[in-house]
Amino acid sequence: MNERSRAIALTIAASAAALTLAACGGAKDSGTKTDPGQSTGPGGSVSDGSPSTDGPVPKVVGGPLPKIAARQVKGLVGTWVNNAKGSVGDYFEFKADGTGSWKGKGTSLWTGQVIPSGKDQYRLSWQGKDPTTSTFWSVKLTENGQKLVFQGTQQTYTKGKPA
């Protein structure tokens, strides 16, 4: 796959992720904490700020988020930048408390918590829940912690500062 095709694939994946997040709307408040960046709207519903749809609200699946110790995410902490030629300049930021975000072109594509799921592997929370299984919404450290691979796009990131 050439670099232009790779950049197009990443852009499509990022757009799909953003559309998926926007289309999910919200869910009635069941006493669970919302993901950072979400607000509680009328009637206690969770809103990401996107226009509401008239369709049914998708059911949020997954278990409760576990408590994360700094030692569990130590190797992940920092900013991981996609420097591939032709990339859209997207990057991940992870903090010692296990929270993180994925951003690209000034847009937040994901915000939530990472959940350790094996040596150097982490699931990404979804709507304040632990998806409980490894999915394409996960990241893994490779090359002795020098690289990060996002399973959703198979793109590789290195520690650094975004451009």
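Taking 15 Å as the cut-off, the amide N atoms of region 107-149 that come nearer than this to a point 7 Å along the Cα-to-beta-carbon line of residue 77 belong to 114.
To the nearest 20 Debye, how big is the dipole of region 120-163 about its Cα centre, given +1 on the beta carbon of each Lys and Arg and -1 on that of each Asp and Glu?
120 debye
On region 105-163, 47 percent of the accessible area sits on carbon and sulfur atoms, based on a 1.4 Å probe. Potential lengthening of the chain between residue 163 and residue 67 amounts to 31.3 nm, from the contour at 0.36 nm per residue minus the alpha-carbon distance.
The values are calculated or read from the model by the stated rules, or taken from the named source; none is laboratory data. Predicted, not measured: the structure shown is a model, and the values here were computed from it. FYI the Cβ positions are ideal-geometry reconstructions off the backbone, even for glycines, and counts take in every protein chain you see. Quick note on the areas: whole protein, heavy atoms, side chains included, nothing else; ligands and nucleic acids left out. Shrake-Rupley method; radii C 1.70, N 1.55, O 1.52, S 1.80 Å.
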